[in-house]
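Here is the structure we will look at, set down as structure tokens.
The values are calculated or read from the model by the stated rules, or taken from the named source; none is laboratory data. The structure presented is a predicted model; accordingly, all values stated were derived computationally and were not measured. Please note: Cβ atoms are built from the backbone with ideal geometry, for glycine as well, and neighbour counts cover all protein chains shown.
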Amino acid sequence: MPCVGDVKMSGFKLIFKGLKEKEGTIAVPLLVNKLEILQKLNYILGEHQEKRPFKTANFGARKKAILSEYTLILDELEKGSTVLRFHPAGLQSIIDSDDGSYEPKGARSLNCIHDLTGIIAENEDPAGYLAEHISDKNYRGRIVDLLSDFYPKEDDTYTITFENDKGKRHNLDGKIRPLVKKTMDGDHIEDKESLYCPVLELKMEVIKNTGMKSFVTSIDGRKMSIPVDNDLFDEVLSNAGKVVEIECSYKTDENGDITEIYNVTKVTKKVSLEIWDICYRNNCYNLKSPLEIKIDSNIEKEENWIIRNDDLEIISMGQKWDETLNAFYEEFDMLVIQYVHSDEALSKGAEELRMKISSYLGGNDDD
């Protein structure tokens, strides 16, 4: 495989034509809307490309790995032009393309979106293309929903030309948009988002004008209060000091970080979880198979939180949730460095542990 410097990649383009604004200008809301939708499409294709189960609830490590590869970077928007040049952020992880060359992961996912727009325009069985390349129906439904919003509306007069990194162009206009929805067989109803949340603190007072109570959790290292209806609060109350999975809606900022959680409709106690991604400092491990962790807390002892994995015999304890989770990630990182990346001769037992750790690792962990 060539080094990163050997990879040549031209930029992708979005070309807007027929806008109602003054020639050479584009309204900011339209610009932001289309770029945001394309970004979401590239993230969701990235999730599938990384072989992650659809909407796996996680503690944020997966998000870091996806952001590093699939975030879009705007290269150029010249004054007097409605041509946007951009490229995917990740250049470190390179995969074989169909023609035998190499391309960044974020470019492959963008090219998949680009190919789909061409197949839809030519009506060349886009549903078959999606089914062939995207095995999970939930992923297909999400892609179709986003792609439909990416196209101009039927009564819009403008068009978008989507050019890939090889210079091939496909046109998106409102006349084609109805064909996008037909790409998905049947009506697709998307599930709500799921998040794992440690119940750190209960707030028993009723939130003004809502009739709701709340609990404090930690999302990606930031404490956050989550309002919950009274009929669900008893479930939260019974799981103080535990981790629950909540179905909810949430808002994010420009970095993809969660800023607000609301509309909680379900609360489920989780005794064990499957972790697909682990990040400690600058090392991120995208696991080939999930690592099961068991979580408990015992307020009668000094250590309030206990996280362990029986297979690798990792255990971390601490008074604070974030410190305990980080310590678990640190222990896993240390095992990889000491056993998988070690050049020293290992005993029989150590070699068995090395093979066991390696069985969890995919080909994308940082060396």
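Against the criterion of being surrounded by 17 or more Cβ atoms within 10 Å (Cβ to Cβ) and touching a residue at least 60 places away in the same chain (Cβ under 8 Å), G46 qualifies. Within the option set N282, N286, being among the polar types (S, T, N, Q), out of contact with any Lys or Arg (no Cβ under 7 Å at 6 or more places or on another chain) and buried (at least 16 other Cβ atoms within 10 Å of the Cβ) holds for one residue only, N286. The number of residues in segment 118-143 that are closer than 10 Å to T183 by Cα and surrounded by fewer than 21 Cβ atoms within 10 Å (Cβ to Cβ) comes to 6.
When the strands (runs of 3 or more DSSP E) confined to segment 188-296 are screened for residues that are modelled with pLDDT of 85 or more and out of contact with any strand residue (DSSP E or B) (no Cβ under 7 Å at 6 or more places or on another chain), those reaching at least 2 such residues are found at 272-280. Selection of segment 119-164 for residues being over 23 Å from the mean Cα position of the chain (by Cα) and closer than 18 Å to L38 by Cα yields I119, I120, A121, P152, K153, Y158, T159, I160, T161, F162, E163. Scan E323, E330 and give me the residue that is closer than 28 Å to G46 by Cβ and acidic (D, E). The conditions single out E330. Of all residues in segment 270-293, those satisfying the criterion of being over 25 Å from I246 (Cβ atoms) and of a type in the set (K, R) are R281, K288.
Being of a type in the set (V, I, T) and over 19 Å from R108 (Cα atoms) narrows it down to one of I143, I176, so name that one.
From the options I143, I176, the qualifying one is I176.
Out of the residues in segment 89-104 that are closer than 18 Å to K51 by Cα and touching a strand residue (DSSP E or B) at 6+ places or on another chain (Cβ under 6 Å), which is modelled with the highest pLDDT? Taking the candidates together, the pick is P104.
When you look at I315, is it assigned to a helix (DSSP H, G or I) and either of a type in the set (A, V, I, L, M, F, W, C) or under 16 Å from L287 (Cα atoms) (or both), yes or no? Outline the logic, then answer.
Numbers: assigned to a helix (DSSP H, G or I): no; either of a type in the set (A, V, I, L, M, F, W, C) or under 16 Å from L287 (Cα atoms) (or both): yes.
When the stated conditions are applied, I315 does not pass them.
The C-beta contact set for segment 119-131 (first residue among the polar types (S, T, N, Q), second residue part of a helix (DSSP H, G or I), distance under 7 angstrom, 6+ apart or interchain) comprises N123/L179.
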